[in-house]
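Below is one structure, written out as structure tokens; the observations come after it.
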Amino acid sequence: CNGWRRRTRAPSRPSLYVVQITPELAAVAKVGGLADVVFGLSRELAIRGNHVEIILPKYASMRYDQIFELQEVYKDLWVPWYDGAIHCTVFFGFVHDRKCFFIEPHSPDNFFNRGSIYGFKDDVLRYAFFSRAAMEFLWKSGKHPDIIHCHDWQTALVPVFLYEFYQSLGMTHPRVCLTIHNFAHQGVTGVELLHATGLHRPERFFDPTRMADNRHPKALNLLKGGIVYANFVTTVSPRYAFETKDQGQGFGLEPTLHTHHIKYGGVVNGIDYDIWNPEIDRHIPVHYGVDSVDGKYDNKRALRHRLMLADNDKPIVAFIGRLDPQKGLDLVRHAIFYTLERGAQFVLLGSSPDDRINGDFWGLKQMLNESPDCHLEIGFDEDLSHLIYAGADMMLVPSRFEPCGLTQLISLRYGTIPVVRAIGGLADTVFDKDFSDRPLHARNGYVFQDYDNAGLESALGRAIACYRNHPDHFRELMKNAMRSDYSWNVPGQDYLNIYDYIRDA
């Protein structure tokens, strides 16, 4: 199934027409890493000479100040829905040079004219409608992309609609790539979906080889449908691809992944080095690079000044992220006290939609409020996040599971040494200073295996000891980290290889 990896794209190959169908896009509608992936990958594909367009819902809650030249381009898009059709208007605009179409339904269901992107009881029907509307727009407007690239369960019906409806209407050209960013969310629903979307025929779609949920055969699973119908399925790291197929992290979809293993693979996400780059970052007071790492310590002083931490010779351990159980919150809590006991400082930036979790960390904050070596910031602040990446010495990522993870990739770019659990994308991108089988220059962090306090301490303790006892070794590790290339360059090529693979197959 890795035939696509061995391909090198011939320079003489014609450019591709790629349409990304997505529920999120960074800068205008972002909930998580999916938005960053579509944003970064689209730019990389365009830089390489391909024609890229993005289709997403026209949310009321979007950042309209980030959309330029927004204009109505398709006035009368009628999308089949239940026994009738819903009238939609399609708008076009540029989001940081990316060509975007926004679909606005005029419906009493008010699908996207709400205060937030997700979190509603009818989310499955909202995104089923969006997927049908996106396909209807491509067909009615005469667009025939080479590749339709869709993302997560929200757009997993796109390949189902393509092969059940639109191929017979003449859309025989497009091939579909589905990227799954997190298997924890699958779009499990009931028979009403078939009536709403016009798929009908329960006997066909409740078939276990199509869309019947593996755990609840009387339910439909949108993500499963996407896996079955797509020409290729990716997830966001090779290790996570293995874990979801063979190590019980597929949340019930393991048998389906085994059946379709020949078209399943992992591609590590990239990060946008126009945004995450200490040499040009507008959020930090002092720019620095691999040949000027001393500038990092000026940012460390600025971070301490901003958070009113003691200015001393201690290392700063940081955690940035959602306060979500997936992120290993019990280990984060333990790490705070362990770090302080080991004579280091700790900084946390994050929040949770769960009031109970937020309350727990607010309690911790009050308990540690007098400490000159600890600051917990419960919330999110973009400016502060950049300063923490630039000013901290180590970044803790002790996740229970982690499809890819962007925190460690950003940390590497800033010379902030990741201390991570060997899971998912963390295992694919961070290589232990002491125990990796990679050459010394390719080692860039500290890694632990077991999800327990002892495992965490084994890695974090070594990192703090190296900083204190072998500063020259730690400095070389920082340089190794900063030399790691986790831009969109490599994954961009991987996706082009996949696109070629499914067009030639």
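The values are calculated or read from the model by the stated rules, or taken from the named source; none is laboratory data. Treat the numbers as computed from the prediction; the structure is a model and nothing was measured. Note: ideal-geometry Cβ built from the backbone for every residue, glycine included; neighbour counts use all protein chains shown.
Answer with yes or no whether residue 322 is out of contact with any helix residue (DSSP H, G or I) (no Cβ under 6 Å at 6 or more places or on another chain), of a type outside the set (A, V, I, L, M), surrounded by fewer than 18 Cβ atoms within 10 Å (Cβ to Cβ) and not in a loop (DSSP other than H, G, I, E, B).
So residue 322 does not fit the description; no.
Say we look at region 361-396 and pick out the residues that are among the charged types (D, E, K, R) and in a helix (DSSP H, G or I); which of these is nearest to the chain's Cα centre (by Cα)?
Looking at residues that are among the charged types (D, E, K, R) and in a helix (DSSP H, G or I), I get 382.
Would you say residue 399 is outside any helix (DSSP H, G or I), within 17 Å of the chain's Cα centre (by Cα) and modelled with pLDDT of 95 or more?
Spelling it out, residue 399 is indeed outside any helix (DSSP H, G or I), within 17 Å of the chain's Cα centre (by Cα) and modelled with pLDDT of 95 or more.
Let's see how each residue does on (1) out of contact with any Leu (no Cβ under 7 Å at 6 or more places or on another chain); (2) among the β-branched types (Val, Ile, Thr); (3) closer than 30 Å to residue 292 by Cβ:
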position	(1), (2), (3)
327	yes, no, no
357	no, yes, no
386	yes, no, yes
395	yes, no, yes
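Which residues, counting only those in region 447-474, are over 19 Å from residue 341 (Cα atoms) and hydroxyl-bearing (Ser, Thr, Tyr)?
451
Against the condition farther than 30 Å from residue 195 by Cβ, assigned to a strand (DSSP E or B) and free of Cβ contacts under 8 Å to residues at least 60 places away in the same chain, how does residue 99 come out, does it pass?
For residue 99, the condition - farther than 30 Å from residue 195 by Cβ, assigned to a strand (DSSP E or B) and free of Cβ contacts under 8 Å to residues at least 60 places away in the same chain - is met.
Determine which member of the set 262, 284 is modelled with pLDDT of 95 or more, more than 25 Å from residue 485 (Cα to Cα) and not assigned by TED's automatic domain parsing to the domain that holds residue 464.
Unique residue meeting the criteria: 262.
Read through the list (1) at negative phi; (2) assigned to a loop (DSSP other than H, G, I, E, B), then give the number of the only condition that residue 251 fails.
The failed condition is (1).
Looking only at region 149-166, count every residue that is of a type in the set (Asp, Glu) and not in a helix (DSSP H, G or I) and tell me the total. Spell out how you get there, then give the answer.
As a first pass, look at region 149-166 and keep what is of a type in the set (Asp, Glu): 152, 164.
Among the residues that remain, those that are also not in a helix (DSSP H, G or I) are: 152.
Residues in region 149-166 being of a type in the set (Asp, Glu) and not in a helix (DSSP H, G or I): 1 in total.
Check residue 126 against each of (1) within 22 Å of residue 257 (Cβ to Cβ); (2) in a helix (DSSP H, G or I) and name the one condition it does not meet.
(1)
Looking at this structure, is residue 136 under 23 Å from residue 488 (Cα atoms), in contact with a Pro (Cβ under 8 Å, 6 or more places away or on another chain), in the same structural domain as residue 179 (by TED's automatic domain parsing) and in a helix (DSSP H, G or I)?
no
Right, residue 232: buried (at least 21 other Cβ atoms within 10 Å of the Cβ) and of a type outside the set (Val, Ile, Thr) or not?
Numbers: buried (at least 21 other Cβ atoms within 10 Å of the Cβ): yes; of a type outside the set (Val, Ile, Thr): yes.
In short, yes.
Name every residue in region 335-359 that is of a type in the set (Asp, Glu) and in contact (Cβ under 8 Å) with a residue 12 or more places away in the chain, in order of residue number.
Within region 335-359, 354 is the sole residue that qualifies.
What about residue 185, is it within 22 Å of residue 260 (Cα to Cα) and assigned to a strand (DSSP E or B)? Let's see the steps before the verdict.
Details: within 22 Å of residue 260 (Cα to Cα): yes; assigned to a strand (DSSP E or B): no.
Answer is no for this residue.
Looking only at residues that are out of contact with any Leu (no Cβ under 7 Å at 6 or more places or on another chain) and not in a strand (DSSP E or B) in region 167-182, which one is nearest to residue 498 (Cα to Cα)?
Only one residue fits best here, namely 173.
Please work out which one of (1) surrounded by fewer than 16 Cβ atoms within 10 Å (Cβ to Cβ); (2) at pLDDT 95 or above; (3) in a helix (DSSP H, G or I) is the condition residue 340 fails and give its number.
(1)
Tell me, yes or no, whether region 238-254 has at least one residue that is crowded, with 23+ Cβ neighbours inside 10 Å, of a type in the set (Ser, Thr, Tyr) and touching an Asp or Glu at 6+ places or on another chain (Cβ under 8 Å).
Within region 238-254, one or more residues are crowded, with 23+ Cβ neighbours inside 10 Å, of a type in the set (Ser, Thr, Tyr) and touching an Asp or Glu at 6+ places or on another chain (Cβ under 8 Å).
Please go through region 402-423 and give me each residue that is in contact (Cβ under 8 Å) with a residue 60 or more places away in the chain, in a helix (DSSP H, G or I), touching a strand residue (DSSP E or B) at 6+ places or on another chain (Cβ under 9 Å) and not aliphatic (A, V, I, L, M), ordered by number.
Within region 402-423, 407, 411 meet the criteria.
Can you say whether residue 446 is touching a strand residue (DSSP E or B) at 6+ places or on another chain (Cβ under 9 Å) and either under 23 Å from residue 401 (Cα atoms) or part of a helix (DSSP H, G or I) (or both), as far as the supplied structure shows?
Details: touching a strand residue (DSSP E or B) at 6+ places or on another chain (Cβ under 9 Å): yes; either under 23 Å from residue 401 (Cα atoms) or part of a helix (DSSP H, G or I) (or both): yes.
The answer is yes for residue 446.
Please state which of the following conditions residue 296 fails to meet, knowing it meets all the rest: (1) surrounded by fewer than 15 Cβ atoms within 10 Å (Cβ to Cβ); (2) assigned to a helix (DSSP H, G or I).
Against the list (1) surrounded by fewer than 15 Cβ atoms within 10 Å (Cβ to Cβ); (2) assigned to a helix (DSSP H, G or I), residue 296 comes up short only on (1).
With the checklist (1) buried (at least 19 other Cβ atoms within 10 Å of the Cβ); (2) assigned by TED's automatic domain parsing to the domain that holds residue 387; (3) touching a Pro at 6+ places or on another chain (Cβ under 9 Å) in hand, flag the one item residue 303 doesn't pass.
(3)
Could you grab me the full set of residues in region 204-241 that are closer than 25 Å to residue 34 by Cβ, among the small types (Gly, Ala, Ser) and over 25 Å from the mean Cα position of the chain (by Cα)?
219
Quick check on my filter: what residues within region 94-149 are closer than 18 Å to residue 26 by Cβ, of a type in the set (D, E, K, R) and crowded, with 20+ Cβ neighbours inside 10 Å?
98
Considering region 414-429 alone, what residues qualify as being over 17 Å from the mean Cα position of the chain (by Cα) and surrounded by 24 or more Cβ atoms within 10 Å (Cβ to Cβ)?
If the condition is that a residue be over 17 Å from the mean Cα position of the chain (by Cα) and surrounded by 24 or more Cβ atoms within 10 Å (Cβ to Cβ), then 414, 415, 416, 417, 418, 419, 420, 421 are the ones that fit.
If you check every pair at least six apart or on different chains, which have Cβ atoms under 6 Å apart with a residue in region 224-250 that is without any contact (Cβ under 8 Å) to a residue 24 or more places away in the chain first and a residue that is aliphatic (A, V, I, L, M) and part of a helix (DSSP H, G or I) second?
Listed pairs, sorted by first residue: 245/257.
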